Amino acid sequence: MSEQDFELYERIQAADKQALETLYERYEKLLFSFALRMTGRRDLSEEIVQDVFMKIWTKPNLYDRSKGKFSSWLLTVTRNASIDSMRRKNEQTEALDERDSLKSNEPAVEDLVQWKEEGTVLRHAIAQLAEEQREMIELFYFKGLSQRAIAEERNIPLGTVKGRIRLALKHLKGHLSTGKGGVDGEVRGID
Amino acid sequence: MKCEALIDYFNGTLNDKDRAAFEKHLAECTDCREELEELRLLTADLPFAAEPAEPNDGMKERVLSAVFAEEPVTAVEKTAPAPAPRKPARQWLQPLLAASLLLSAGANVYLLAQKEETDQQVAREEPATLAGSVQLAATEGFNGQAQASMVQENGHSSVILQANQLQVPTGTEAYQVWLINEAGDKVRAGTFNTDESGRGAVSYTMPSDDNWQMIAVTLEPTATSEQPLGDIVLAAEL
């Protein structure tokens, strides 16, 4: 999978339009969905996806293997573009409600197996977190707020923000590693 | 104190100065490096928590046409031959002269009228030197070729571009030369039309010695575009 991505990226470095189109088709939905998850706005999300592919097309050698897996890198670029976009527009955006996540009956993604496998499990694990921890992850990761903004939003001391974020993320990881088998079973039951 | 900037560094909310300071700190602080790595690991899967959403109608066409309207830097690298090695300035007098002659029929008369004054100037100023020269190759779907010479003259730089085999512009269309710097900023560097056989040339005094990365020629709908609107026809790296 990542090998194919890297080959596509190499072809894009040689200005292969077909390769960019293939890469676009492969990631359009994931990147759009992720941007939408962050910004809550379809128009901004389209701009963000365009920004990301514009960078890949016009700026040579942005990615190399030292930056880790291609898909992880692409998602980080998308997250940064989303944070920039939210900051630029300076708009309050409504997050999509986590609790609605399990009601989805969107068709499965054919290519991005990881998304299909992990998405439901992840959303389930996030939903299991305490409200306070879910909020920390929301404000820090999906809203990309500064430490000060998070402290103000949650009305907590500035010095405690980092610790609370780490704790929330570790709890989430904990839920994922212990709860995985059970959730998988549940998912299979639904399918 | 510095360790507390980790969250803002991760989210890119630091200003340039603070980011540079934190990166310096990061090189020295093992704890911060480990915490940063931990944050990356712990958040690596979070994008997959996004609920699958159908992209907007027609999004793929819009995005790809916007992206492909931009010239890939690497395409130019591929199609443009390597810059010609520096040669003594004298060898460039010929193309320079040709460039002047191609400006237009009217320009010839003007140049003749100016000749005397020019001769006087040359006599008391430093001789012009060639700072570099590149061949511009046609991009996909276009014809033509050009040579651009950078000339140092009396303390400023000029670019002289001479093209042939171009498509003859119609109506208000005109060819425009652009200099593009590292940041992707595009600066107009002259406008020209071609004669009936698709030959054209222009010289332009550069506003500053920016670190120009690329020279390109576009076919613009009018001669007045402040930013390129038309397709890139010819390009080369500098």
Does B:Leu64 satisfy the criteria of being crowded, with 16+ Cβ neighbours inside 10 Å, within 12 Å of another protein chain (Cβ to nearest Cβ) and at pLDDT 95 or above?
yes
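Tell me the residue from A:Leu139, A:Leu145, A:Leu172, A:Leu122 that is assigned to a helix (DSSP H, G or I) and within 30 Å of B:Asn15 (Cα to Cα), please.
Numbers: A:Leu145 fails: assigned to a helix (DSSP H, G or I); A:Leu172 fails: within 30 Å of B:Asn15 (Cα to Cα); A:Leu122 fails: within 30 Å of B:Asn15 (Cα to Cα).
Every option except A:Leu139 fails the conditions.
Looking at the stretch B:214-238 only, could you name the residues that are among the polar types (S, T, N, Q) and touching a Ser or Thr at 6+ places or on another chain (Cβ under 9 Å)? Reasoning before the result, please.
Pass one, the stretch B:214-238, residues among the polar types (S, T, N, Q): B:218, B:222, B:224-225, B:227.
Matches in the stretch B:214-238: B:Thr218, B:Thr222, B:Thr224, B:Ser225.
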Just for the stretch A:56-86: of the residues that are more than 9 Å from chain B (Cβ to nearest Cβ) and free of Cβ contacts under 8 Å to residues at least 40 places away in the same chain, which one is surrounded by the fewest Cβ atoms within 10 Å (Cβ to Cβ)?
A:Ser66
Within the stretch A:2-55, track down each residue that is more than 7 Å from every other protein chain (Cβ to nearest Cβ), at positive phi and hydrophobic (A, V, I, L, M, F, W, C).
none
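Mind listing whichever residues of the stretch A:125-142 are within 13 Å of the chain's Cα centre (by Cα) and within 10 Å of chain B (Cβ to nearest Cβ)?
A:Ile137, A:Phe140, A:Tyr141, A:Phe142
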Which is more than 7 Å from chain A (Cβ to nearest Cβ), more than 30 Å from A:Gln18 (Cβ to Cβ), outside any helix (DSSP H, G or I) and at pLDDT 90 or above, of B:Leu26, B:Leu36, B:Leu14, B:Leu41?
B:Leu14
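The values are calculated or read from the model by the stated rules, or taken from the named source; none is laboratory data. Because the structure is predicted, anything quoted here is derived from the model rather than measured. Every residue, glycine as well, gets a Cβ built from its backbone with ideal geometry; the counts of neighbours run over all protein chains shown.
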